[in-house]
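For reference, the structure I am asking about is given below.
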Amino acid sequence: MENGKFITLEGIDGAGKSTHLEWIANYLGGKGIRVLTTREPGGTQLGEHIRSLLLDHRQMMHAETETLLMFAARREHLDKVILPALNQGDWVISDRFTDASYAYQGGGRGVLIDRLQILESWVQGKFQPDLTLYFDLSIEVARRRMQSIKIADRFEKEQNDFFHRVRAAYITRASQFPERIQILDASHSIDDITDQLERILQPLLISLKP
Ligand code: TMP
């Protein structure tokens, strides 16, 4: 059996990934593909516990502790959810993956890239997503969209300069891996973005047997 494809969605908080994730899952499901949707940090029982610690706005932690917890949750996610699903031919769509660690911990918190690379190769070897969709949005628009959130989590509470660094790190990642990471302008209408998504997904669908 063919392996499934691994698609990840990235962007700063407020970029609208969740709406698009749902659309992609329905679209691929309509093509007869078995799709599993998941998220990071999280996606497993242990990973969701780690997520609660990471997002708890009362929880202080060192930037490297935060990084290690992200990768610990990822190790579990790969082992229990992502790799088994891909091996049985399912497609996996994850709301965030390792690019988020480069953007938030590397860009946002200033954790050394060398350290992130060590953790990346430790936890996932050479394994990478088949496709990453990066939803790019200005910090100002993202902030406006997030105004309705009642209690901001530990990341959402960060100041604008943090998000400027996160966004810059995502853009750097996209320029380093242009074949894997596709940039979408998240300020466009949902219809516009779904049209773009449909086009971007076509090459992955070619491998499917009729
Ligand atoms: P979410 O709000 O998109 O569900 O993501 C939770 C938060 O976790 C988000 O603010 C980004 C952050 N995050 C990191 O800082 N590093 C990571 O590696 C991942 C996966 C998420």
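What follows is calculated from the coordinates using simple rules that are stated; it is not laboratory data. Computed from a predicted structure; not experimentally measured. Cβ sites come from the backbone with ideal geometry, for glycine too, and all protein chains shown count toward neighbours.
Out of curiosity, is GLY16 more than 18 Å from PRO129 (Cβ to Cβ), within 12 Å of the ligand (Cβ to nearest atom), touching a residue at least 24 places away in the same chain (Cβ under 8 Å) and in contact with a strand residue (DSSP E or B) (Cβ under 9 Å, 6 or more places away or on another chain)?
yes
Conditions tested, residue by residue: (1) more than 13 Å from the ligand (Cβ to nearest atom); (2) among the acidic types (Asp, Glu).
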position	(1), (2)
GLY108	no, no
LEU112	yes, no
ALA142	no, no
ILE149	no, no
GLU158	no, yes
PHE162	no, no
ALA168	yes, no
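Additional query: Any idea how many residues of segment 144-171 are without any contact (Cβ under 8 Å) to a residue 60 or more places away in the chain and of a type in the set (Ser, Thr, Tyr)?
1
Name the residue, out of ARG115, ARG39, ARG58, ARG34, that is surrounded by fewer than 21 Cβ atoms within 10 Å (Cβ to Cβ) and free of Cβ contacts under 8 Å to residues at least 40 places away in the same chain.
That would be ARG58, the only listed residue that is surrounded by fewer than 21 Cβ atoms within 10 Å (Cβ to Cβ) and free of Cβ contacts under 8 Å to residues at least 40 places away in the same chain.
Report, by residue number, each residue of segment 154-163 that is surrounded by fewer than 17 Cβ atoms within 10 Å (Cβ to Cβ), part of a helix (DSSP H, G or I) and in contact with a helix residue (DSSP H, G or I) (Cβ under 6 Å, 6 or more places away or on another chain).
Within segment 154-163, just ASN160 meets the criteria.
Only residues that are more than 16 Å from the chain's Cα centre (by Cα) and among the aliphatic types (A, V, I, L, M): list them for segment 1-34, please.
Listed by number, the residues that qualify are MET1, LEU28, ILE33.
What do you reckon, is LEU54 aliphatic (A, V, I, L, M), in contact with an Asp or Glu (Cβ under 8 Å, 6 or more places away or on another chain) and within 24 Å of ARG115 (Cβ to Cβ)?
Values: aliphatic (A, V, I, L, M): yes; in contact with an Asp or Glu (Cβ under 8 Å, 6 or more places away or on another chain): yes; within 24 Å of ARG115 (Cβ to Cβ): yes.
Yes.
Filter segment 178-210 for residues that are assigned to a loop (DSSP other than H, G, I, E, B) and over 17 Å from the mean Cα position of the chain (by Cα) and give the result.
Pass one, segment 178-210, residues assigned to a loop (DSSP other than H, G, I, E, B): 178-180, 186-189, 206-210.
Within segment 178-210, SER187, HIS188, SER189, ILE206, SER207, LEU208, LYS209, PRO210 meet the criteria.
Scanning segment 35-64 for residues that are among the charged types (D, E, K, R) and within 15 Å of the chain's Cα centre (by Cα), which turns out farthest from the ligand (Cβ to nearest atom)?
Residues of segment 35-64 among the charged types (D, E, K, R): 39-40, 48, 51, 56, 58, 64.
After this cut, where a residue has to be within 15 Å of the chain's Cα centre (by Cα) as well, the list is 39-40, 51.
Details: ARG39: 6, GLU40: 4, ARG51: 7 Å.
If we take residues in segment 35-64 being among the charged types (D, E, K, R) and within 15 Å of the chain's Cα centre (by Cα), then ARG51 is farthest from the ligand (Cβ to nearest atom).
State all residues of segment 120-149 that are part of a loop (DSSP other than H, G, I, E, B) and surrounded by 19 or more Cβ atoms within 10 Å (Cβ to Cβ); if no residue qualifies, say none. Walk me through it before giving the result.
Step one: list which residues in segment 120-149 are part of a loop (DSSP other than H, G, I, E, B), which gives 125-130, 137-138, 147-149.
Within segment 120-149, PRO129, LEU137 meet the criteria.
Let me ask something else. Taking only pairs six or more apart or across chains, which ones have beta-carbon atoms under 8 Å, a first residue in segment 185-199 that is without any contact (Cβ under 8 Å) to a residue 12 or more places away in the chain, and a second residue that is assigned to a helix (DSSP H, G or I) and surrounded by 13 or more Cβ atoms within 10 Å (Cβ to Cβ)?
Hits for this filter: HIS188/GLN196.
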